[in-house]
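The values are calculated or read from the model by the stated rules, or taken from the named source; none is laboratory data. Keep in mind that this is a model prediction, so the values were computed, not measured. Note that we place each Cβ from the backbone using ideal geometry, even for glycine, and neighbour counts take in every protein chain shown.
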Amino acid sequence: MEDFANNAVRDIAVQCAAQSAKTQTVMNCACWAIAEDPGPAMWVTATKDELRDFLRDRLTPTFETCRPVKERMAEPTLTGFAFDGMPFYAGWSGSKARLQSKPIRYVFADEVRNYAPGRLEMLLKRTRSFWNSRRFLISTPGTKGDAMDTAYRAGDQRLWHFECPACGRLQPLAFEQLKWDSNDTTKPEGKWRFDALADTIRFECVSCGHRIKDTPVDRRGPGTAADKSPSESAARTRGCEGRTGRTLGHWRFRTPQRRRSVEG
């Protein structure tokens, strides 16, 4: 969110696991823009139905419960919202007219992996009129080489690290360090007892082997982006999605001036 307020950063691409607060984070950035640095904005979803539900269930309640934003809000329009000095449009990737019609400073592109081919490029052209534009792309990962993957790989691909509460070692959330017990209690007669298994699941520090349980206290632990520099910041997190696999989550921020890859 600090990088969103930095005019040296133009493009932000975020790929991460589902239900990881990525959309809420972007809505917070939208609230900041409305209250602190207004300019024409547009939120774009993949489909019209998704847009309708999102505006009703998430974006409108967020705007109405944020006092500085609420104070600037006028009556909702047919195409989005109106704020003092700032139109906030809403559209979906299937509507060429919505994506082509207006110059936009702030673009919030949601679930980009589901956009039709070429629609993201069409949307990003709307920002050419603003030297201080911001294009925020968020999505769960799609396929290699799609528009979202390309945007992510254009940046520094920074890897997010957290600090072990025992030894202080900074390390990524690697799936390989997620451990559990396989014994007569968790897997009697060769069949998993998931209630017993859940009690044994932990993350083991790569340095000291400290066992970290998934508790609210541990979730509040410190973290940092590897190799962070003032002009560009990014982090990549690895998250687990369901029991059958894992989803890589990527946080990437880049500037036109500098591009590099960082694994940490």
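Taken over segment 63-80, the criterion of being closer than 17 Å to Thr45 by Cα and among the β-branched types (Val, Ile, Thr) is satisfied by Thr79 alone. Looking only at segment 41-54, decide whether some residue is surrounded by fewer than 20 Cβ atoms within 10 Å (Cβ to Cβ) and in contact with a Pro (Cβ under 9 Å, 6 or more places away or on another chain). Within segment 41-54, none of the residues are surrounded by fewer than 20 Cβ atoms within 10 Å (Cβ to Cβ) and in contact with a Pro (Cβ under 9 Å, 6 or more places away or on another chain).
If you filter segment 92-108 down to residues that are of a type in the set (Phe, Trp, Tyr) and in contact (Cβ under 8 Å) with a residue 60 or more places away in the chain, you find that the one that is nearest to Met148 (Cα to Cα) is Phe108. When segment 168-220 is filtered for residues that are within 26 Å of Arg158 (Cα to Cα), among the basic types (Lys, Arg) and assigned to a loop (DSSP other than H, G, I, E, B), the ones remaining, listed by number, are Arg169, Lys213, Arg220.
Here Lys191 meets each of (1) of a type outside the set (Val, Ile, Thr); (2) in the same structural domain as Arg119 (by TED's automatic domain parsing); (3) loosely packed, with under 13 Cβ neighbours inside 10 Å with one exception, condition (2).
Residues are listed down the side, and each one gets a yes or a no for (1) within 20 Å of Ala151 (Cβ to Cβ); (2) in contact with a Lys or Arg (Cβ under 7 Å, 6 or more places away or on another chain); (3) modelled with pLDDT of 95 or more:
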| position | (1), (2), (3) |
| --- | --- |
| Asp11 | yes, yes, no |
| Val14 | yes, yes, no |
| Ala17 | yes, no, no |
| Ser20 | yes, no, no |
| Asp49 | no, no, no |
| Arg58 | no, no, no |
| Asp84 | no, yes, no |
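So, Asp149, is that one in contact with a strand residue (DSSP E or B) (Cβ under 8 Å, 6 or more places away or on another chain), of a type outside the set (A, V, I, L, M), in contact (Cβ under 8 Å) with a residue 12 or more places away in the chain and within 30 Å of Glu36 (Cβ to Cβ) or not? No; evaluated as a whole, the condition is false for this residue. Evaluated against (1) of a type outside the set (D, E, K, R); (2) under 18 Å from Arg105 (Cβ atoms); (3) touching a residue at least 40 places away in the same chain (Cβ under 8 Å); (4) outside any loop (DSSP other than H, G, I, E, B), Phe54 falls short on exactly one condition, (2). Looking only at segment 234-244, decide whether some residue is on the phi < 0 side of the Ramachandran plot, modelled with pLDDT of 75 or more and not in a loop (DSSP other than H, G, I, E, B). Looking for residues that are on the phi < 0 side of the Ramachandran plot, modelled with pLDDT of 75 or more and not in a loop (DSSP other than H, G, I, E, B), one finds none in segment 234-244, hence no.
Condition check ((1) out of contact with any Gly (no Cβ under 7 Å at 6 or more places or on another chain); (2) modelled with pLDDT of 90 or more; (3) under 23 Å from Lys22 (Cα atoms)) across all residues:
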| residue | (1), (2), (3) |
| --- | --- |
| Arg119 | yes, yes, yes |
| Ala154 | yes, no, yes |
| Ala166 | yes, yes, no |
| Thr200 | yes, yes, no |
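Of all the residues in segment 94-106, those that are buried (at least 23 other Cβ atoms within 10 Å of the Cβ) and either at pLDDT 90 or above or in contact with a His (Cβ under 7 Å, 6 or more places away or on another chain) (or both) number 2. Within segment 109-119, is there a residue that is free of Cβ contacts under 8 Å to residues at least 40 places away in the same chain, touching a strand residue (DSSP E or B) at 6+ places or on another chain (Cβ under 7 Å) and not β-branched (Val, Ile, Thr)? Yes, there is a match, as at least one residue in segment 109-119 is free of Cβ contacts under 8 Å to residues at least 40 places away in the same chain, touching a strand residue (DSSP E or B) at 6+ places or on another chain (Cβ under 7 Å) and not β-branched (Val, Ile, Thr). Among the residues of segment 57-91, not one is in a loop (DSSP other than H, G, I, E, B), free of Cβ contacts under 8 Å to residues at least 12 places away in the same chain and crowded, with 17+ Cβ neighbours inside 10 Å.
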